[in-house]
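Input: a single structure, listed below in structure tokens.
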Amino acid sequence: METKRLRDPGVVAWVENRAPFGMFSTDSKLRVTGWNAWLENHSGMKLQDVKGKDLLGLYPEIVDRKMGRYFNEALEGLNVILSQAFHGYLLPLPTDGSADSVAYMSQSAIISPLIIDDRISGTIGYVEDVTQRIKREKELIEQAAEREKLIEELKASAAEIKSLSRFLPICANCKKIRNKEGHWEQIEAYFSEHADVSFSHGICPDCAKKLYPEFYEDDGVTLKEG
């Protein structure tokens, strides 16, 4: 039953032509034997361009990044899982341009032994593009950091408001306020610093009468006309 399902031509055709991930296979010498449509689209190389060629020759960066050993481990019978967080990518494939400042497609990948007739005859590889997922995770982390920053700012503002809710030492004559360092500040400067408020200045009626009596009638209440 298992053998029949794996050989279902519909499944094979889907993997080769329509799968939303990359699949490739090699022989025991790491010469390419399979290269699905997803890999053709993202690598720019058709199956006929790569078939029979050394995978490490096609992508020497695999050797440069010391990742060739994972294929050796697969040939020894191990399933090797490569995560984007630790490895970045397996095959250096270009992005679609929607990810800023990313040279190559971010990937998760699996390299497994290719077993035919109970014998390891090569490797089979799976490559998934996780570039957009990583980009979205980064955005969510940044949003969480912004929320945390906002919460801290709100806490600081609440602490300031709480401190302002206590008695303030104010001069009975000039109305300056003594700050926590012991210095006397103009009331406008103190509240602008501690309560994030701004002041506009005007003159109340009582002060206007004292400062500009010539504009008032003898009763001290009615403004003169003209």
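Bear in mind that the values in this text are calculations on the coordinates, not laboratory data. Quick caveat: nothing in here was measured; it's all calculated off a predicted structure. Note: ideal-geometry Cβ built from the backbone for every residue, glycine included; neighbour counts use all protein chains shown.
Numerical summary
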item: Table column - 3J(HN,Hα) (Hz), segment 88-94, Karplus curve with 6.51, -1.76, 1.60, x for Gly and Pro; result: x, 6, 9, 9, x, 9, x
item: Net charge over other residues, Cβ less than 12 angstrom from the Cβ of Q143 (K, R count +1; D, E count -1); result: -1
item: When each of K175/K210; K66/K135; K51/K138; K149/K175; K149/K180; K53/K135 is checked by Cα-Cα distance, pairs over 28 Å; result: K51/K138; K149/K175; K53/K135
item: Sorted by Cβ density within 10 Å, fewest first, the residues E137, E181; result: E181, E137
item: Inter-probe distance in nm under a simple model that places probes 7 Å from Cα toward Cβ, at V12 and F215; result: 9.8
item: Distance in nm between pseudo-label sites at Q48 and K138 (7 Å out along the Cβ direction from Cα); result: 3.9
item: Computed FRET value (nearest 0.05) for C171 with L150, which takes r as the C-beta separation and R₀ as 41 Å; result: 0.65
item: Nonlocal amide H pairs with K53, under 5 Å, H built at 1.01 Å; result: V32
item: Computed label-point distance, nm, for sites H183 and D118 using a 7 Å Cα→Cβ extension; result: 8.8
